[in-house]
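In what follows, a structure is listed as structure tokens, so that the remarks can point back to it.
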Amino acid sequence: MSTLRAPPLFRLAARDGNRLTLASDGPAVAHVFVLEDDLVRVLLLPDGTLKSPKTWAIAPGLDDVPSEGRDRFDLSGFSLPPFRAREDEGRLVVETAHLRLTVRLAGFFCSWETPDGTRLLRDRPTQAYNFGWWDEKVRHYLVRDPGERYFGLGERSGEMDRAGRRFRMCNVDALSYSAKTSDPLYKHIPFYVTHAAQASVGLFYDTLSDCTFDLGAERSNYHGLFRSFVADHGDLDYYVIAGALPGIVQRQTWLTGRPAFLPRWALGYSGSTMSYTDQPDAQARMADFLAKCEEHDILCDSFHLSSGYTSIGAKRYVFHWNRDKFPDPAGFVQSYEDKGVRLIPNIKPALLADHPLFEEARGKGLLILDADGEPEWVQFWGAVGAYLDFTNAATILWWREKVTSALLDVGMAGTWNDNNEFEIVSPKARAHGFGLAHAAIATKPLQTMQMIRASRAAQLAHAPGRRPFLVSRSGAAGMQRYVQTWSGDNHTSWETLRYNIRMGLGLALSGISNSGHDVGGFDGPRPDAELFVRWVGFGIFSPRFSIHSWNTDATANEPWMHPEVTAPVRDLIKFRYRLLPYLYDLSHRYAVGYEPILRPTFFDFPGDPRCLEDNDDMMLGAALLVAPVVAPGAATREVYLPAGAHWFDWWTGESFAGGQTVTRAAPYDRPPLFARAGSVIALNTARQHFAARRDTRGFAVFPVAEGSFGADVFDDDGVSWPDGRPPPWRVEVVCDETTVGIAVTGDAEVEIILPQSETRRVAISGGRLAPSSSP
């Protein structure tokens, strides 16, 4: 006869500062940590022991964690506020200034509320956890209310609201994915926000395991409406964040670490294509790119060098220079540097079996191994190879030396960490684990993160006075501490353009804000002129702006690929550079204040229910509303202007009250763009050319009817480490019925630009009114 699976009965066994330990009548142990007034953590151990004693995700306000990880019981970095805890009538109640957790001790049923009783989360009352009943997996089941919306989980496909879908978090190389339906994808961000009419709450699961989120796809006659989290390995260790949605996103970003403040040139246009370096005359093709930039006056700051520079035949061999294509790597890199364009080489974390360095790596024990101590063979780039094991300190040192000698020493400006999903499928594969060997399949994203860290360490050592630049396709929670990223190898289509918008916003709501997309589409048919120029018109507003491709007809996506739209593409890129000071200030705010750079309109306008409806719009910072054109044949675009603000059409200066839909012309070179009244936008007002770059500061000011507002604007040399001094620019604006008064504090006189519709008298100190009446 089988034994009834009765839930364990818990009791409060110990209180050690802000950590409460609950013991049970069996082996299960639970810990509750009060970390901040708005942040409480639960660690539930069904058999009483930690399977993963270290975390690499938790870095509260920190730049990084130790390479070997942070102890899960380490509470440093948290404020550990006072709280109340009481145990009575079979319940434990824990209350902070912003959260109340009630634990029903029979079965550890958790209910989360605000102190005024507004419900946030509830465990499913029927078997919310797996106390060793079914399998070895980690399981957490929550009640799902029909009106809830779910946002986050990183770069998921489809609509921004994840309700009704199931997602598998298992990083894969998803070439030519559908941005509407494909799953899984590239990144591992087990965090989402539950948004309801009454309140919002964030939920972060600290795991590196492959896991599944079901947000309403599954139905049950026996359990009612529920949602679930299931991880294949590890522990149930989750963080609950209370507050309004913007504060939740910022707290999650803070929790997983301070975003990297990358050099300013990382915000410029970055060229790239697979086709150049795959050609036998690769260096000539690369030289032609520079010549075409100059011919067409296309501003460009960097070029992402695809892996063809490492080729032997059709295969790729990281750190190997193909000397037939590039006989003088240092001279080649210098030819780009001479034109002001930095090269960012592609690097991959696996060695094919015939790689010139394979036996060296194998002999030094640098590879992920199988149960017999042999390399764990995986399919990689048209052959079999083995992944390097970045949980081995020796591998990290080896990688740093190769990045330095093969790339940085010849003048490369950064690293493009690619194909780093670590698609390990065998449960027998073993990782070094910094001396504690474990199944490699259990912590695959850790390998990705350690690869990124090793690449960054090489750059820091090589040029300690400069901020490093890294980009990575794959990653996990906390990747914002190191890299810029993008949405991977997208498919060329109008549908991808539309849903890439949502993918980028989902990443931003998950703490990963410095991102972009392969403009024009990476894989598939060559984009026609209209699709290409519309994609550029969207891409210029993303933090990462790169045109990249591997078109099926072997052509390259280039700014001049369609002569009939080359002029508007050039002008759009120049407009990107005009906005660069604003983007740079937003990047700094992200790094120091955890504010997402891009965000959905409901982030800034939570009181407007229309903003929660699915749409193609986005906010760039708090000041700009971007409305990309995402359908063919459109000459106009309907734009909903969120209520609670007044808006100016950027191009015409016309003003509009919020809470209405307007129809605007949408020519190729002027995608619909609105500025919020009461905002100041930093600009580069200089005329720029590929061969003559200049930077003259100006400010577009969008006045209010009456009242005052201002802005502090960050600026520096763009490459050195910030020295902690306050922002160098301060703009203060006072408006009344007759006058707009503007005072600028800074180290130089600047241009002030006002919308054409402004007719009041303008009084300026510290600047001059620009002769042009349009920003």
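Structural remarks
- Of all residues making up region 645-669, the number that are touching a residue at least 60 places away in the same chain (Cβ under 8 Å), assigned to a strand (DSSP E or B) and open to solvent by 50 Å² or more (accessible area, probe 1.4 Å): 1
- Some residue of region 573-590 being free of Cβ contacts under 8 Å to residues at least 12 places away in the same chain and either at negative phi or surrounded by 20 or more Cβ atoms within 10 Å (Cβ to Cβ) (or both): no
- Counting only helices (runs of 4 or more DSSP H) wholly contained in region 542-644, the ones carrying 3 or more residues that are out of contact with any Pro (no Cβ under 7 Å at 6 or more places or on another chain) occupy 566-578, 580-593.
- The requirement of being in contact with a His (Cβ under 8 Å, 6 or more places away or on another chain) and either of a type in the set (A, V, I, L, M, F, W, C) or modelled with pLDDT under 95 (or both) is satisfied by A657.
- If the condition is being surrounded by fewer than 19 Cβ atoms within 10 Å (Cβ to Cβ), under 22 Å from the mean Cα position of the chain (by Cα) and among the aliphatic types (A, V, I, L, M), then region 48-75 contributes only L62.
- Residues in region 286-319 that are free of Cβ contacts under 8 Å to residues at least 60 places away in the same chain, under 25 Å from W486 (Cβ atoms) and open to solvent by 20 Å² or more (accessible area, probe 1.4 Å): D288 alone.
- Number of residues in region 296-354 that are outside any loop (DSSP other than H, G, I, E, B) and more than 30 Å from F575 (Cα to Cα): the value is 15.
- Assessment of region 90-105 against the conditions (in contact (Cβ under 8 Å) with a residue 40 or more places away in the chain, more than 24 Å from G243 (Cβ to Cβ) and either among the hydroxyl-bearing types (S, T, Y) or surrounded by fewer than 19 Cβ atoms within 10 Å (Cβ to Cβ) (or both)) yields no matching residue.
- Looking at region 149-218, the strands (runs of 3 or more DSSP E) lying wholly inside it that each contain 3 or more residues that are hydrophobic (A, V, I, L, M, F, W, C) sit at 200-205.
- Scanning region 219-228 for residues that are open to solvent by 10 Å² or more (accessible area, probe 1.4 Å) and either closer than 28 Å to F422 by Cβ or part of a strand (DSSP E or B) (or both) gives a single hit, S228.
- Region 247-285, residues that are within 30 Å of K325 (Cα to Cα), part of a helix (DSSP H, G or I) and open to solvent by 40 Å² or more (accessible area, probe 1.4 Å): Q283, A284, R285
Per-residue answers, yes or no, for (1) open to solvent by 60 Å² or more (accessible area, probe 1.4 Å); (2) of a type outside the set (A, V, I, L, M, F, W, C); (3) closer than 30 Å to G488 by Cα; (4) in contact with a strand residue (DSSP E or B) (Cβ under 9 Å, 6 or more places away or on another chain):
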| residue | (1), (2), (3), (4) |
| --- | --- |
| F131 | no, no, no, yes |
| K137 | yes, yes, yes, yes |
| Y141 | no, yes, no, yes |
| E148 | no, yes, yes, yes |
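- No other residue among G202, G234 is surrounded by fewer than 23 Cβ atoms within 10 Å (Cβ to Cβ) and either at positive phi or within 20 Å of the chain's Cα centre (by Cα) (or both) apart from G234.
- Output for region 645-695, where each listed residue is among the aliphatic types (A, V, I, L, M), closer than 21 Å to I742 by Cβ and in contact with a Lys or Arg (Cβ under 6 Å, 6 or more places away or on another chain): A645, L683, A686
- Yes/no for Q127 being open to solvent by 50 Å² or more (accessible area, probe 1.4 Å), at positive phi and either of a type in the set (K, R) or not in a strand (DSSP E or B) (or both): yes
- Which numbered condition Q756 misses (of (1) open to solvent by 40 Å² or more (accessible area, probe 1.4 Å); (2) in contact (Cβ under 8 Å) with a residue 24 or more places away in the chain; (3) under 34 Å from the mean Cα position of the chain (by Cα)): (3)
- Among the candidates A179, A244, the residue that is crowded, with 22+ Cβ neighbours inside 10 Å and in contact (Cβ under 8 Å) with a residue 60 or more places away in the chain is uniquely A179.
- Residues of region 687-706 satisfying the condition of being open to solvent by 30 Å² or more (accessible area, probe 1.4 Å) and either out of contact with any Ser or Thr (no Cβ under 9 Å at 6 or more places or on another chain) or of a type outside the set (S, T, Y) (or both): R687, H689, A691, A692, R693, R694, D695, V704, A705, E706
- Residue in region 464-487 that is open to solvent by 10 Å² or more (accessible area, probe 1.4 Å), over 27 Å from Q250 (Cα atoms) and more than 17 Å from the chain's Cα centre (by Cα) present: yes
For (1) touching a Lys or Arg at 6+ places or on another chain (Cβ under 7 Å); (2) crowded, with 24+ Cβ neighbours inside 10 Å, each residue gets a yes or a no:
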| position | (1), (2) |
| --- | --- |
| N392 | no, no |
| I396 | no, no |
| H432 | no, no |
| A440 | yes, yes |
| M451 | no, yes |
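- Restricting region 319-357 to residues that are charged (D, E, K, R) and over 27 Å from the mean Cα position of the chain (by Cα), the residue that is nearest to R285 (Cα to Cα): K325
- Those residues of region 344-355 which are in contact with a helix residue (DSSP H, G or I) (Cβ under 6 Å, 6 or more places away or on another chain) and farther than 17 Å from V483 by Cβ, in sequence order: L351
- Any hit, region 374-386, residues being in contact with a helix residue (DSSP H, G or I) (Cβ under 6 Å, 6 or more places away or on another chain), open to solvent by 20 Å² or more (accessible area, probe 1.4 Å), within 28 Å of L175 (Cα to Cα) and at pLDDT 95 or above: no
- Test: T114 is open to solvent by 50 Å² or more (accessible area, probe 1.4 Å) and hydroxyl-bearing (S, T, Y): no
The values are calculated or read from the model by the stated rules, or taken from the named source; none is laboratory data. From a predicted model like this one, the values you see are computed outputs, not experimental measurements. With ideal geometry, Cβ positions are generated from the backbone for all residues, glycine too; neighbour counts draw on all protein chains shown. Side chains are part of the model used for accessible areas, which takes the heavy atoms of the whole protein and leaves out ligands, DNA and RNA. Shrake-Rupley method; radii C 1.70, N 1.55, O 1.52, S 1.80 Å.
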